[in-house]
Amino acid sequence: MIRITDLHLHRDGQPILHGIDANIPATGLTAVIGPNGAGKSSLLHCLAGLTAPDQGAVQVGNADIAKARPADRARMVALLTQSTPALPRLTVAELVAFGRWPHHRGRPTRADREIVAQSMDAFDLAGLAGRRVDTLSGGQRQRAFVAMAHAQSTPWMLLDEPLAALDPKYARDIMDRLHGLSRPGPDARGIIVVLHDLAMAARYADWVISLKDGRLVGNAPRSDVMTSEGLSALFESDIIVEDLRGRPVVVLA
Amino acid sequence: MFRIATAVGLIGLIVASLAIGAADLGTNDNGAAFLLIVSRIPRTAAALLAGAGLALAGAVVQLAVQNRLVEPSLTGTPESAMAGLLAVTLLAPGAALMTKMIAATIAALIGTAGFMILARQVPRRDPMLLPLVGLIYAGILGAGVTWFAWNTDLMQYLGTWQAGEFSGVLRGRYELLWLIAVMVGLLFLGADRITLLGLGEDRARSLGLNLRQTLLLGLGIVAATVAVVVVTVGMLPFVGLVVPNIVSRWRGDNLRANLPVIALSGAMAVLASDLIGRVIRWPYEIPAGTIFAVIGAGIFLWLLYARPRLEKPAKAAAVTNTAGSHG
């Protein structure tokens, strides 16, 4: 479980997050939703231990993530940040293999190579192993980055808008795979995804955290947060959540 | 096949470099062996070491700032090294070469760190912005160094540090360059960490990389390499820009895998430039730095021009990325 207690974060004197208290279940897929500037990415950076909060703490398992050593932190939480303009000229195999770096620090073992192969299979990349990341399509490239985070073999995978600029087909493909990884079982991962697309959150999330202006609005199972009233208030826009054959569907009214 | 061609090319260059020069090996008064040991072998080794070191320094800088259009002469590194050298020359005129070298390295490291601080503020969207900032930064540092040298009557030193050339290389006056071999070894050990830097700060940290430590290692290697080149043969601009760019296009960014290729290409390119400089106006010489700058500028323009066309085939989602693709 991730325990967030009284989390405060400021940047350049501006409050980004104030007083977030939440527990996130260790298995299942958690979606983080909220309007632009709500502090979703900042929250994810705090959960991954890359940003130290000004007040409060994030406990991942039994460790205070902000105080963990970089190498230990990288074996607890994998963070996939939003895509940067920098595209590495690495092959897919090289990129995914770097996901193992926190474990071998430059001396990969046979076990590391096996895990890299498994991660590539899990994201259907075996056929692209030798291709350079900068020559892939957007969907393939995003799969490669997610596979790299997967190869890190951490109990937690955090993804900041992994579906940005992806067609529905590729977006769903990635969400299907992440959803599968988060199903209860011996290898289940806790997956936390910042999602802009409410339809995706409604379709895949088990648990939803909603943020607005740096404050926690909702932290509950999907059906409790993703209601017509809740989402309309959160986004200050008329949103209707309907039930379609047992699944929630988000409609812009 | 390719390896054989490279080996043949390297050996050919070395043999030519040993054979060609203003003095004729066969008719020299002091004998061929003397000429080889005192002048030609040191000169050849100096060109190879300087070329390898500067090319690798360029690759490290490019990964550290995630911009392919930057190289040590666009980060204020040689100018800072010169400032350190001037300071030592003034304060302790009789200082040993090693002392000068250490002062130059520390000054170069400080100057490069200054560029890194500037680079954090520069928007990433347009990759041309950072080299322009670097050009201005280096220009300001260079102007300061020139002003300082002018006022202290040390302009002639500055001239030798600025224009890289190998005609003055003799046994006993270039050996410091072997420090580059040590730097290459260090770089090989830290190669994965430097490659991770190239993935961007957040990704590198998320993989547990100690960012400060890695930057210090990488920039320390760059500073020491540039300082030793400035002290012994003078700065050779463009080597760190052109060579890593060509290698990266062809073989990617994995530094550990490409380190030997970058080093070898840089070494051969600088030795070839020195050779051309020796024969083009025989028996007079044109500095290798000048030859490389002319050829390198041409190749650089070609790289700039050819880049968008080569990277366009990536699909729609990549279009927003192409402009900034790694700088």
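The values are calculated or read from the model by the stated rules, or taken from the named source; none is laboratory data. Everything numeric in this text was worked out from a predicted model, so none of it was measured. Here Cβ is always computed from backbone atoms with ideal geometry, including for glycine, and neighbour counts include all displayed protein chains.
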Of those in segment B:121-142 that are under 24 Å from residue B:216 (Cβ atoms) and within 14 Å of chain A (Cβ to nearest Cβ), the residue nearest to the chain's Cα centre (by Cα) is B:130
Sole miss for residue A:185 among (1) assigned to a strand (DSSP E or B); (2) at positive phi is condition (1)
**Boolean, residue B:267 is within 14 Å of the chain's Cα centre (by Cα) and under 19 Å from residue B:10 (Cβ atoms)** = yes
Expected single match for in a helix (DSSP H, G or I), under 19 Å from residue A:6 (Cβ atoms) and of a type in the set (Gly, Ala, Ser) among A:42, A:119 is A:42
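Can you tell me which residue among A:147, A:164 is within 14 Å of chain B (Cβ to nearest Cβ) and within 28 Å of residue A:241 (Cα to Cα)? Walk me through it before giving the result.
Numbers: A:147 fails: within 28 Å of residue A:241 (Cα to Cα).
Result: A:164 is the single residue among A:147, A:164 that is within 14 Å of chain B (Cβ to nearest Cβ) and within 28 Å of residue A:241 (Cα to Cα).
With A:143, A:172 as the choices, which residue is in a helix (DSSP H, G or I) and surrounded by 24 or more Cβ atoms within 10 Å (Cβ to Cβ)? Lay out the reasoning, then the answer.
Values: A:172 fails: surrounded by 24 or more Cβ atoms within 10 Å (Cβ to Cβ).
Exactly one of A:143, A:172 is in a helix (DSSP H, G or I) and surrounded by 24 or more Cβ atoms within 10 Å (Cβ to Cβ), namely A:143.
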Conditions (1) without any contact (Cβ under 8 Å) to a residue 60 or more places away in the chain; (2) more than 27 Å from residue A:69 (Cβ to Cβ); (3) of a type in the set (Gly, Ala, Ser); (4) assigned to a loop (DSSP other than H, G, I, E, B) -> residue B:167 fails only (1)
Residues in segment B:1-40 that are closer than 21 Å to residue B:279 by Cα and either polar (S, T, N, Q) or touching a residue at least 24 places away in the same chain (Cβ under 8 Å) (or both) total 15
Looking across segment A:201-225 at residues that are over 24 Å from residue A:9 (Cβ atoms) and without any contact (Cβ under 8 Å) to a residue 60 or more places away in the chain, the single one that is surrounded by the fewest Cβ atoms within 10 Å (Cβ to Cβ) is A:224
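Identify all residues within segment A:122-140 that are part of a helix (DSSP H, G or I) and at the interface with chain B (Cβ under 10 Å from one of its Cβ atoms); write none if there are none.
Filtering segment A:122-140 down to residues part of a helix (DSSP H, G or I) leaves A:122, A:126-128, A:133-135, A:138-140.
Within segment A:122-140, A:133, A:134, A:135, A:138, A:139, A:140 meet the criteria.
With the requirement that a residue be touching a residue at least 60 places away in the same chain (Cβ under 8 Å) and either touching a Phe, Trp or Tyr at 6+ places or on another chain (Cβ under 8 Å) or loosely packed, with under 15 Cβ neighbours inside 10 Å (or both), what does segment B:120-134 give you? Lay out the reasoning, then the answer.
Filtering segment B:120-134 for residues touching a residue at least 60 places away in the same chain (Cβ under 8 Å) gives B:124-127, B:130-131, B:134.
Result: B:125, B:126, B:134.
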Residue within segment B:176-199 that is touching a residue at least 60 places away in the same chain (Cβ under 8 Å) and out of contact with any helix residue (DSSP H, G or I) (no Cβ under 8 Å at 6 or more places or on another chain) present
no
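For residues that are in contact with a helix residue (DSSP H, G or I) (Cβ under 9 Å, 6 or more places away or on another chain) and either hydrophobic (A, V, I, L, M, F, W, C) or away from every other protein chain (no Cβ under 14 Å) (or both), tally how many sit in segment A:86-118. Show your work before the answer.
From segment A:86-118, those in contact with a helix residue (DSSP H, G or I) (Cβ under 9 Å, 6 or more places away or on another chain) are A:86-106, A:108-109, A:111-113, A:115-118; that's our starting set.
From what's left, either hydrophobic (A, V, I, L, M, F, W, C) or away from every other protein chain (no Cβ under 14 Å) (or both): A:86-87, A:90, A:92-93, A:95-98, A:101, A:109, A:111, A:113, A:115-118.
Going through segment A:86-118 one residue at a time, the tally reaches 17.
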When segment B:184-210 is checked residue by residue, the ones that are of a type in the set (Gly, Ala, Ser), within 7 Å of chain A (Cβ to nearest Cβ) and in contact with a Leu (Cβ under 7 Å, 6 or more places away or on another chain) are B:198, B:206
Filter segment A:146-169 for residues that are in contact with a strand residue (DSSP E or B) (Cβ under 9 Å, 6 or more places away or on another chain) and assigned to a helix (DSSP H, G or I); the one that is farthest from residue A:97 (Cα to Cα) is A:146
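Please tell me if residue A:190 is more than 14 Å from chain B (Cβ to nearest Cβ), closer than 26 Å to residue A:101 by Cβ, touching a residue at least 24 places away in the same chain (Cβ under 8 Å) and in contact with a strand residue (DSSP E or B) (Cβ under 6 Å, 6 or more places away or on another chain).
On the way: more than 14 Å from chain B (Cβ to nearest Cβ): yes; closer than 26 Å to residue A:101 by Cβ: yes; touching a residue at least 24 places away in the same chain (Cβ under 8 Å): yes; in contact with a strand residue (DSSP E or B) (Cβ under 6 Å, 6 or more places away or on another chain): yes.
Yes; evaluated as a whole, the condition is true for this residue.
Criterion first (more than 30 Å from residue B:125 (Cα to Cα) and in a loop (DSSP other than H, G, I, E, B)) does residue A:107 satisfy it? Before the answer, list the steps.
Values: more than 30 Å from residue B:125 (Cα to Cα): yes; in a loop (DSSP other than H, G, I, E, B): yes.
Judged against the criteria, residue A:107 is a match.
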Counted residues in segment A:57-79 being away from chain B (no Cβ under 13 Å) and surrounded by fewer than 17 Cβ atoms within 10 Å (Cβ to Cβ) come to 7
Would a scan of segment A:105-127 turn up a residue that is surrounded by 18 or more Cβ atoms within 10 Å (Cβ to Cβ) and free of Cβ contacts under 8 Å to residues at least 12 places away in the same chain? no
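The rows are residues; the columns are (1) within 14 Å of another protein chain (Cβ to nearest Cβ); (2) modelled with pLDDT of 95 or more.
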site: A:15; (1), (2): no, no
site: A:38; (1), (2): no, no
site: A:44; (1), (2): yes, yes
site: A:51; (1), (2): yes, no
site: A:55; (1), (2): no, no
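Checking the condition part of a strand (DSSP E or B) and in contact (Cβ under 8 Å) with a residue 60 or more places away in the chain, which residue from A:16, A:4 passes? Reasoning before the result, please.
On the way: A:4 fails: in contact (Cβ under 8 Å) with a residue 60 or more places away in the chain.
After ruling out the rest, the residue left standing is A:16.
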